[in-house]
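Nothing in this text is a laboratory measurement; each read-out follows from the coordinates by a stated rule. Please read all numbers here as calculations on a predicted model, not as lab measurements. Every residue, glycine among them, receives a Cβ derived from its backbone with ideal geometry; neighbour counts consider all protein chains shown.
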Amino acid sequence: MTMQGMDTPLTRLLGIRHPVIQAGMIWVSGARLAAAVSEAGGLGTLGAGSMRPDVFLDQVRKLRARTDKPWAVNLPVFYRHVPEIVPLALREGCRIFITSAGNPATWTPVLKDAGATVLHVVATARQAAKCEALGVDAVVAEGFEAGGHNGPDELTTMVLVPQVVRAVSLPVVAAGGIVDGRTMAAALALGAAGVQVGTRFACTVESSAHEAYKQAIVEAGEIDTVLALKSVMPVRLLKNAFWEQVRAAEARGASPEELRDLLGTGRPRQAIHLGALPDGEIEVGQAVGAIRDVPAAADVLAGMVDEARIVLQGLARL
Ligand SMILES: Cc1cc2nc3c(=O)[nH]c(=O)nc-3n(C[C@H](O)[C@H](O)[C@H](O)COP(=O)(O)O)c2cc1C
């Protein structure tokens, strides 16, 4: 376990030891994973986007019982239960919200009025500037390497992060493709004040994803993901039988409505929660090829921070 903290504007804003946010992920980031990361000095996040309000309440209470360190709740703005979850989260003492997949104007004023810290996920520098004008406290700049839902414009983390850093004076968190100390150090070199890590934490002992999903990540190679369904709702997933169906439908000119019907509902749950890999939407990031094991979340965090420090020291000697 790493002992030394890393001081950045993000660690100061959030009151955490290491500038690493465990990303909110549907069907993956429940109380167990979030508590493990928060206890290890990062920011654990409950992925509320797959939780009904009663499940959320149960998870938030379990999380609070396991840690007294800072933690966050991720709210995908389009998720239909968000209006019920926000008051519950505030009542249960959530102080940090990471909103995503929607307009930052929808929830920022409400959350700021309640005294919370708000981070919003952006895919362009223009969206980041809008967040700053609305009073958001920090932005997560998510490149199209990232697992799950994605911006349609395919800006990579490498290209996006420095432009967001130039566009705003807020702390910028880099997301998409960060899996180890080298990629974390690269994000800091681009001007980020910290990183948000999804796929690497989805493939840990404490992740609530199905074992078959974790095994698929371990076995996946560098060219096995794709940004699919761009005309409907762009999402990065592992190529499988479902994706072949999408590809065939697109090749014969299927309309967005037909694609939406093909997608239906519940495909991420099928893959990530139930382990039905051929028919599900296996949301993972492009960096799956770099993941070869299923360690404890605390070991991922400690290894990442220690390696980043070594890499940065090595570069300083050049
Ligand atoms: C399985 C999975 C589920 C995700 N679910 C959400 C979600 O509910 N809300 C959200 O804002 N982002 C979601 N994401 C994106 C992550 O929060 C994060 O930004 C992304 O995974 C970072 O890229 P990486 O996977 O390369 O680390 C998800 C990602 C994955 C892999």
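Overview of results
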item	result
Nonlocal amide H pairs with residue 21, under 5 Å, H built at 1.01 Å	43, 195, 196, 197
Neighbour-limited loop hits for GluC sites (Glu not before Pro), the stretch 129-217 (at most 16 other Cβ within 10 Å; DSSP other than H, G, I, E, B)	154
Normalised contact order of the chain, rounded percent, pairs of Cα under 8 Å and 6 or more residues apart	18 percent
Restricting the stretch 219-280 to trypsin sites (Lys or Arg not before Pro) in coil, as DSSP defines it, with at most 16 other Cβ within 10 Å	230, 239, 252
Selected from 91, 182, 64 as most flexible by GNM, with the chain as the system and alpha-carbon contacts under 10 Å	91
Most positive-pole-ward Cα, 43, 29, 285, against dipole of the chain from beta carbon charges	43
Nearby aspartates and glutamates by direct alpha-carbon distance to residue 230 (threshold 17 angstrom, same-chain neighbours under 8 apart not counted)	142, 145, 153, 154, 244, 250, 257, 258, 261, 281, 283
Per-pair calculated FRET efficiency, R0 = 45 Å: residue 215 and residue 317 via Cβ, rounded to 0.05	0.70
Dipole of the chain [Lys/Arg +1, Asp/Glu -1 at C-beta], most positive-end residue of 177, 228, 163	163
Inter-site label distance for residue 62 and residue 103 at 7 Å from Cα along Cβ, in nm	3.5 nm
Rounded to whole Hz, the Karplus (6.51, -1.76, 1.60) HN-Hα couplings of the stretch 196-203, x for glycine and proline	10, 10, x, 3, 4, 6, 5, 9
Within the stretch 28-158: Cβ-based charge dipole about Cα centre, in debye rounded to nearest 20 (Lys, Arg +1; Asp, Glu -1)	420 debye
Unit charges on C-beta of K, R, D, E only; dipole of the stretch 189-318, Debye	300 debye
Global geometry of the chain, whether rounded, prolate or oblate, following the gyration tensor of its Cα atoms and the 1.5 cut on a/c	rounded
For peptides 34-45, 97-108, sequence by mean Cβ density within 10 Å, most packed first	34-45, 97-108
Long-range amide H partners of residue 140 with built H, under 5 Å	120, 121, 122, 173
Computed label-point distance, nm, for sites residue 55 and residue 249 using a 7 Å Cα→Cβ extension	2.3 nm
Extreme residue, positive dipole direction of the stretch 169-318, given options 202, 186, 265 (C-beta unit charges)	186
Gaussian network model of the chain, Cα within-10 Å springs - most flexible of 220, 174, 254	254
In order through the stretch 101-114: 3J(HN,Hα) via Karplus (6.51 cos²θ - 1.76 cosθ + 1.60), integer Hz, x for Gly, Pro	6, x, 6, x, 5, 5, 10, 4, x, 4, 5, 5, 4, 7
Förster-model FRET efficiency, 30 Å R0, residue 205 and residue 279, C-beta, rounded to 0.05	0.70
Three-way shape label, the stretch 220-287, alpha-carbon gyration tensor, a/c 1.5	oblate
Of the DSSP H helices in the chain, those whose Cα atoms cover at least 24 Å axially and whose Kyte score averages 0.5 or more	297-316
Local net charge near residue 15, Cβ-Cβ under 10 Å (Lys/Arg +1, Asp/Glu -1)	+4
Size of charge dipole - the chain - debye, nearest 20, with Cβ of Lys, Arg +1 and Asp, Glu -1, no other charges	640 debye
Cα centroid separation, the stretch 194-220 to the stretch 1-80 (Å)	15 Å
Virtual paramagnetic centre 7 Å along Cα→Cβ of residue 233, amide N under 13 Å, in the stretch 6-49	26, 49
Residues with amide H under 5 Å from that of residue 72, placed H, sequence gap 5 or more	44, 45, 46
Centre separation in Å (Cα based) which lies between the stretch 261-315 and the stretch 121-191	18 Å
